[in-house]
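The structure under discussion appears below in the form of C-alpha cells.
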Amino acid sequence: MSDDGHQAERDAILRAAYRLISHGSTTGTTSIENILRAAGVNRRIFYRHFASKDDLIIAMQEWAGDLILADLRKAVAAADTPAAAITAWIEDYLSIGWQEARFRDALAFMSTEVTGAPGIAAALEATYARHREPLAAALAAGLADGSLPNARPELDSFAIHAVAVRHLEARIRGRLDTDFDEVRNQVVELILTGLSAPAVQPPPINVGS
C-alpha cells in the first residue's frame with residue numbers, strides 16, 4: 001500500500017475515535033470494536049498504526065492540537081499589529097468553547113477515557129507549548145517595536161494561555177454561560193492593559209528585625 005493509503009487508514013481511525021468519544025458521555029468508554037466499525041477497518045489495520053487504544057488517544061490529542069494550532073497561526077498571521085495578533089489569538093482560542101462544532105469536539109478531551117490515558121498529561125502539555133508559540137512571537141514583536149513595553153514573551157504567553165484554558169474548562173464543564181463577546185472583551189482588555197501600561201515597581205517590604 002502507498003504512503004497515502006496508510007495515511008488515509010490512520011486518518012480514518014483518528015476521525016472515527018474522535019467522533020465517537022466526543023459524542024459519547026463523559027464517563028463512558030469507547031471500545032476498539034466500535035472504532036474499527038466506524039472507521040471501516042479491521043484489527044490488523046488498527047495495530048499497524050497504533051500499539052493500543054491509549055496510543056490512539058495520544059495520537060488523537062496531537063492531531064486535534066495540530067488543527068487548533070493551524071487556526072491560531074492563521075488568525076495571528078492575518079493581524080497587522082502585535083496587539084491585534086494577541087487579540088486574534090485570544091479570540092480564536094476562546095471560540096473553542098462557544099462555537100458549536102468546536103465545543104462538541106472539545107468534549108472528547110474532557111472524557112475520563114481521555115484524561116485517564118497514560119501519557120496524556122505530557123502530550124497535552126507539549127501541544128499547549130506549540131499553541132503558545134504564535135502568541136509568544138506576537139508578544140516578542142510588540143516588545144521589539146515598543147507597542148507592548150511590558151511584554152515578557154515566554155512568561156506572558158504561558159499566563160495568557162492559562163487564562164484562556166481556564167475559561168474553556170469552565171465553559172465545557174457548564175460553569176460559564178457568559179456571552180462570548182463579553183468574555184473575549186474582558187480577557188483582551190485585561191491582557192492588553194497589563195502589557196502596555198507603565199511598569200509599576202512594588203514598594204519595598206519591611207520585614208522587620
The stretch 60-137: helices (runs of 4 or more DSSP H) wholly inside it with 3 or more residues that are touching a Leu at 6+ places or on another chain (Cβ under 8 Å) and either aliphatic (A, V, I, L, M) or within 23 Å of Leu192 (Cβ to Cβ) (or both) are 82-94
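One line per residue, one yes/no per condition, for (1) under 17 Å from His6 (Cα atoms); (2) of a type in the set (A, V, I, L, M); (3) modelled with pLDDT under 95; (4) in contact with a Cys (Cβ under 8 Å, 6 or more places away or on another chain):
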site: Lys53; (1), (2), (3), (4): no, no, yes, no
site: Ile57; (1), (2), (3), (4): no, yes, yes, no
site: Gln61; (1), (2), (3), (4): no, no, yes, no
site: Ala64; (1), (2), (3), (4): no, yes, yes, no
site: Asp71; (1), (2), (3), (4): no, no, no, no
site: Lys74; (1), (2), (3), (4): no, no, no, no
site: Ala78; (1), (2), (3), (4): no, yes, no, no
site: Ile86; (1), (2), (3), (4): no, yes, no, no
Before we move on, is Gln7 surrounded by fewer than 18 Cβ atoms within 10 Å (Cβ to Cβ), part of a helix (DSSP H, G or I) and among the polar types (S, T, N, Q)? yes
Arg73 fails exactly one of the following numbered conditions: (1) touching a residue at least 24 places away in the same chain (Cβ under 8 Å); (2) crowded, with 18+ Cβ neighbours inside 10 Å. What is the number of that condition? (2)
Quick one: Ala136 ticks every box in (1) surrounded by fewer than 20 Cβ atoms within 10 Å (Cβ to Cβ); (2) modelled with pLDDT of 95 or more bar one, so which box is it? (1)
So, Ala141, is that one at pLDDT 95 or above and touching a Pro at 6+ places or on another chain (Cβ under 7 Å) or not? yes
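Collect the residues in the stretch 170-205 that are assigned to a helix (DSSP H, G or I) and modelled with pLDDT under 90, keeping them in residue-number order.
Ile172, Gly194, Leu195, Ser196
Taking only the stretch 127-157 into account, find how many residues are more than 19 Å from Ala75 (Cβ to Cβ), in contact with a helix residue (DSSP H, G or I) (Cβ under 8 Å, 6 or more places away or on another chain) and among the hydrophobic types (A, V, I, L, M, F, W, C).
Summing the residues that are more than 19 Å from Ala75 (Cβ to Cβ), in contact with a helix residue (DSSP H, G or I) (Cβ under 8 Å, 6 or more places away or on another chain) and among the hydrophobic types (A, V, I, L, M, F, W, C) in the stretch 127-157 gives 1.
The values are calculated or read from the model by the stated rules, or taken from the named source; none is laboratory data. Because the structure is predicted, anything quoted here is derived from the model rather than measured. As a convention, Cβ positions derive from the backbone with ideal geometry for all residues, glycine included, and neighbour counts pool all protein chains shown.
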